[in-house]
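Heads up, the thing below is written out as structure tokens.
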Amino acid sequence: MDWFRSLIGSNFMSHMDAHEMELTNGSRIAVIGGGPAGSFFSYYALEYARRFGLEIELDIFEAKDFTKIGASGCNHCGGIVSESLVQDLATDGLVIPSDIIQRTISTYTLHTEQGTRIIRTPSEEHRIASVFRGSGPRGCLEKNTNGFDNYMLELCRQHGARVIREKVTALERTQDGIRVGCGKSPNRDYDLLVGAVGLNNKTLELFKGVCPAYSLPETTRAYISEFMMKPVDVEGSLGSSMHVFLLNLPQITFGALIPKYNYVTLVLLGEDIDKEIVHNFVRSDQVRACFPEDYPVDQIAPCQCYPYINVKQGRHPFADRVVLIGDSGSSKLYKNGIGAALITGKAAASTAIFEGISEKHFAKYYAPICKDLDRDNMVGKLIFGVTRLIQKSSIIKRGILHLVEREQSDAAASLRMSSVLWDTFTGSAGYRNILRRFLHPGLLFGLIRSTIGTLVPTFNHQKHEKQETRQTL
Ligand SMILES: Cc1cc2nc3c(=O)[nH]c(=O)nc-3n(C[C@H](O)[C@H](O)[C@H](O)COP(=O)(O)OP(=O)(O)OC[C@H]3O[C@@H](n4cnc5c(N)ncnc54)[C@H](O)[C@@H]3O)c2cc1C
């Protein structure tokens, strides 16, 4: 073969190699990880193969049992399913069933030290939902809570995937494929290996062995806890509103309370969130005010964790016969990680089924999707940088509250600020799109006017106070 290779030239040969690396009837795919990315990939790969008349075998290896309550069945997450994700899935005929949805969210409530404002959904179709990823928090009494990850995995099974409930412990490149090893069952050989293992460092290190140019994503610690409450109390205290906090507390970029049926999920994102940061947050007046008066908010919740979240994407998440998707590949900074899992899972599936499975195929058809997410995240970093400055400025926060109030109370007003905030909180729109809308002269002028408007009464109030003091003296 070598003489043939040198005779026809290496370029032509590598083109031939790439050409040979295609899935054919009987090809086998191993998907490691049955979270959203693994399930989305599997669902679309099986669907595209069916349309293409291609008979493939697809195995999903998943270490967790999503029917279990608590950490062993959960992929730690706030559980907000954005409207863009709901709409994208609906376009492909995938409607999230109502028994998965814990609560439909129709408004956002923005809390600052300067006041609170409710932001309505920009349009009636723009609705988001809260879900559990597993079967409910630790200590949960319900036995039949249906979580998002389990629903998706079952859907894949119905489409023909085989779900293997085992932890993958070894990956090895063979002459014409990839060998997958688990603790208990025998090794299996595959034509394509898909990494959808989230931010599990140990498993990601295994991938480096078969995908040498890959570099792991950079992460920081976030925080989640679940507060059990009577449904009537959730309704009475939080309603169908996601409560977002823009407080001047160090290291917190984003804090939110997400109402579920009989739980409220607290999510904190920022830099290396630790116990003290959590403590300061839950003890703030604004957070306490969201709970019934006698609720022990500052007691340690039975279900809490400090999961990792991506702050910088992994590099080069593909090689011949290997592709990494979701959090393991490229995600969306701080928001809509499930939506990003759909984007990368679907793009990797269409590349593998319709184009090929060589590094070149993934570089040409899959990498641009990851790069686009990365570029958007750079703008996202800028937006969160500005958000931190705003958090520290009571003057700007007053201006924002004033502008939002004007927009929300006037049916004819354009909802520029409200929709920018809505999309920043939900992650429904791309960060570039949000920045463009934020820089709209109409919004900037409105914000400056509102900010100055809130300053004038302050000056008048101060003047009045001084006069009063002089008179008393
Ligand atoms: C605090 C916090 C809040 C968040 N809130 C939201 C939110 O409200 N909305 C949203 O859209 N996103 C949110 N995200 C992001 C979202 O959770 C992730 O982006 C999403 O889960 C990524 O999906 P994934 O399938 O790539 O990875 P994961 O969901 O992590 O799934 C990876 C799967 O791989 C399995 N696995 C790993 N190693 C192995 C192995 N060796 N063998 C077998 N199986 C293995 C794991 O068990 C797991 O099931 C949040 C993240 C954090 C940290």
_Segments classed as strands (runs of 3 or more DSSP E), wholly inside the range 62-143, with at least 2 members that are away from the ligand (no atom under 13 Å from the Cβ)_ = 101-105, 107-112, 115-120
_Suppose we keep only residues that are farther than 17 Å from residue 322 by Cα and either at pLDDT below 55 or part of a strand (DSSP E or B) (or both) within the range 15-58. Which one would you say is least open to solvent (accessible area, probe 1.4 Å)?_
16
_Looking at the range 251-275, I want the residues that are in contact (Cβ under 8 Å) with a residue 40 or more places away in the chain and have a partner that is among the charged types (D, E, K, R) and open to solvent by 10 Å² or more (accessible area, probe 1.4 Å) with Cβ atoms under 6 Å, at least 6 apart or on another chain. Which pairs are those?_
259/103; 260/103; 263/226; 265/226; 272/221; 273/221
*Residues being within 13 Å of the ligand (Cβ to nearest atom) and either in a loop (DSSP other than H, G, I, E, B) or among the aromatic types (Phe, Trp, Tyr) (or both): count how many of those fall in the range 190-215.*
6
_In the range 31-58, the residues that are in contact with a Lys or Arg (Cβ under 7 Å, 6 or more places away or on another chain) and within 11 Å of the ligand (Cβ to nearest atom)_ = 40
*Unmet requirement for residue 245, which otherwise passes all of (1) more than 14 Å from the ligand (Cβ to nearest atom); (2) within 22 Å of the chain's Cα centre (by Cα); (3) open to solvent by 40 Å² or more (accessible area, probe 1.4 Å)*: (3)
*Condition check for residue 270: of a type outside the set (Asp, Glu), under 15 Å from residue 218 (Cα atoms), within 12 Å of the ligand (Cβ to nearest atom) and over 13 Å from the mean Cα position of the chain (by Cα)*: yes
*asked:* Quick check on the range 316-334. Is at least one of its residues basic (Lys, Arg), in contact (Cβ under 8 Å) with a residue 60 or more places away in the chain and farther than 27 Å from residue 423 by Cα?
replied: yes
*Filter the range 170-189 for residues that are more than 12 Å from the ligand (Cβ to nearest atom) and open to solvent by less than 20 Å² (accessible area, probe 1.4 Å) and give the result.*
177, 178
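Can you confirm whether the range 66-89 contains a residue that is farther than 26 Å from residue 167 by Cα, without any contact (Cβ under 8 Å) to a residue 40 or more places away in the chain, over 20 Å from the mean Cα position of the chain (by Cα) and surrounded by fewer than 24 Cβ atoms within 10 Å (Cβ to Cβ)?
For the range 66-89, residues farther than 26 Å from residue 167 by Cα, without any contact (Cβ under 8 Å) to a residue 40 or more places away in the chain, over 20 Å from the mean Cα position of the chain (by Cα) and surrounded by fewer than 24 Cβ atoms within 10 Å (Cβ to Cβ): absent.
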*For residue 357, are the conditions met, namely being open to solvent by less than 10 Å² (accessible area, probe 1.4 Å), touching a residue at least 12 places away in the same chain (Cβ under 8 Å), more than 28 Å from residue 87 (Cα to Cα) and not aromatic (Phe, Trp, Tyr)?*
yes
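The values are calculated or read from the model by the stated rules, or taken from the named source; none is laboratory data. All values reported here derive from a predicted model rather than from experimental measurement. All Cβ positions, even for glycine, are placed from backbone atoms using ideal geometry, and neighbour counts span all protein chains on display. The protein model used for the area step is the full one, side chains on, heavy atoms only, and it has no ligands, DNA or RNA in it. Shrake-Rupley method; radii C 1.70, N 1.55, O 1.52, S 1.80 Å.
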